[in-house]
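The values are calculated or read from the model by the stated rules, or taken from the named source; none is laboratory data. The structure displayed is predicted, hence computed values, not measured ones. As a convention, Cβ positions derive from the backbone with ideal geometry for all residues, glycine included, and neighbour counts pool all protein chains shown. Note: areas computed on protein heavy atoms with side chains; ligands, DNA, RNA excluded. Shrake-Rupley method; radii C 1.70, N 1.55, O 1.52, S 1.80 Å.
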Amino acid sequence: MLVVLHNTATDQQIDTVLARITSMGLRAEVIPGSLRTAIGILGNTGYVDGDALAQLPGVKEVIHVTKPYKLVSREWKSKNTVVDVDGVKIGSDDFVVMAGPCSVENEEQLMQTAAAVKKAGAQILRGGAFKPRTTPYSFQGLGKEGLELLQKAKKTYGLPIITELLHVANLDLVASHTDIIQIGARNMQNFEMLLAVGKLQKPVMLKRGMSARMEEFLLAAEYILNAGNPNVILCERGIRTFETATRNTLDLNIVALVKEVSHLPIIVDPSHGTGRYSLVTPLALAGFAVGADGLMVEVHPEPSKALSDGDQSLTLQNFEKLMEKINTYKKIHV
Ligand code: PEP
Ligand code: MN
């Protein structure tokens, strides 16, 4: 529920409304806005006497939030959330590209990729140090050593880092080595992890679970915001459908719909979304066209030798070509 105040409401009137909400055993959050100030009500599992609140001095109207998610909804906050990562603004007018290898494999591979993606115009460097792999027999990532290499690349090339937190026990370690904490598709509903990253203020990128509906995706983000961290970026990375011709089906419907119903930024990952390098560029451009706030793309100097996801990784040259196309689209878009 949202209590919308008159522009002329005094601080004392606002305090009275807050006190009334608290006396009902509920949590109140003031949502300042340029056009209106509102008070959001949280913690209500049952009936709330909206009429009693509507009658208080200074109150313009009481709006029932119709969705099961609140904090992430546009009803709650109409203005886009912009997540600031070392000056890179995700959710603003800028289309932000995160690129790098699926896994950090060694220093040379990471540095070479970082140099190339930076030169081509990527703003954030990705790289997995702890890898969620379908089979226990494949490369599981370099762990701490991978995080240290990412830090080295950051210092050398000045690119902020995004890397995945695979287990909540590694939160401090990962958080201290990254600028954005990535929560992978397989952990989208790891509620303990969502609550743990919610206690920080560090930006979190939440990837959609491969069989999660949009509502579940947004409710997972709601956990993080409700725990106190507003800096959440969503990522559509493809879902499982009946179609087996591609690894996943990049669900661009949801990108456009999320922009309608939520104020959070959403980016697309056409690498995992398709599983084929030849489809990465067309789907990246499609993501731009439907209004995504950015991209995450896997890039490798020698995809055929990659220790993970080589089939869907762009070469350094192909990434450069993708960035040229993105820049052309940006010019048309203005
Ligand atoms: C990744 O980005 O490397 C990754 C493992 O992605 P997802 O969680 O979407 O499978
Ligand atoms: Mn990958």
Subject >> Crossing angle, helix 144-157 versus the chain [Cα axis fit, 0-90 degrees, rounded to tens] >> reply: 90
Subject >> Karplus-derived HN-Hα couplings along region 275-287 (A = 6.51, B = -1.76, C = 1.60, θ = phi - 60°), whole Hz, x at Gly and Pro >> reply: x, 10, 4, 5, 9, 5, 5, x, 6, 5, 5, 5, x
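Looking at this model, which pairs from K77/K202; K152/K202; K202/K331; K144/K321 are more than 29 angstrom apart at the alpha-carbon?
Numbers: K77/K202 20 Å; K152/K202 20 Å; K202/K331 32 Å; K144/K321 33 Å.
The pairs that break the limit, which is 29 Å between Cα atoms, are K202/K331; K144/K321.
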Subject >> Overall form of region 124-184 per C-alpha gyration tensor (a/c, 1.5; a/b vs b/c) >> reply: prolate
Subject >> Cα centroid of region 1-59 to Cα centroid of region 312-327, whole Å >> reply: 50
**OP:** First compute the accessible area of the chain with a 1.4 Å probe, then give the percent of it belonging to carbon and sulfur atoms.
**Re:** 52
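Looking at region 211-262 from every direction and averaging, what is the projected area of its Cα convex hull in nm²?
On the way: hull surface 15.4 nm².
Average of the hull's projected areas for region 211-262 equals 3.8 nm².
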Original post:
Roughly how many Å² of V197 are accessible to a 1.4 Å probe, to the nearest 10?
Top reply: 0
Subject >> Accessible area (Å², 1.4 Å probe, nearest 10) - D51 >> reply: 110
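Quick check on region 1-77: what are the equivalent-ellipsoid semi-axes from the Cα gyration tensor, as sqrt(5λ), descending, whole Å?
Working: eigenvalues 63, 46, 21 Å².
Those come to 18, 15, 10 Å.
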Subject >> Furthest towards positive pole of dipole, A306, L200, V82, structure part the chain, Cβ charges >> reply: A306
Original post:
Put Y47, Y69, Y329, Y277 in order of accessible area, largest first, 1.4 Å probe: what do you get?
Top reply: Y47, Y277, Y329, Y69
Original post:
Using +1 on the beta carbon of Lys and Arg, -1 on that of Asp and Glu, and nothing else charged, what's the dipole of the chain about the Cα centre, debye to 20?
Top reply: 300
Original post:
Let a ≥ b ≥ c be the square roots of the eigenvalues of the Cα gyration tensor of the chain; is it rounded (a/c under 1.5), or, if not, prolate (a/b larger than b/c) or oblate?
Top reply: prolate
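What order do T22, T178 take when sorted by accessible area (1.4 Å probe), most exposed first?
Largest to smallest exposure gives the sequence T22, T178.
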Original post:
What does the charge dipole of region 208-280 about its Cα centre add up to, to the nearest 20 debye, if the Cβ of each Lys and Arg holds +1 and the Cβ of each Asp and Glu holds -1?
Top reply: 240
**OP:** Round to the nearest 10 and give me the degree value, 0 to 90, for the angle of helix 107-120's Cα axis relative to the longest principal axis of the chain.
**Re:** 70
**OP:** Take the Cα of E216, step 7 Å along the line toward its Cβ, and report every residue of region 247-268 whose backbone nitrogen sits under 18 Å from that point.
**Re:** 248-255, 258
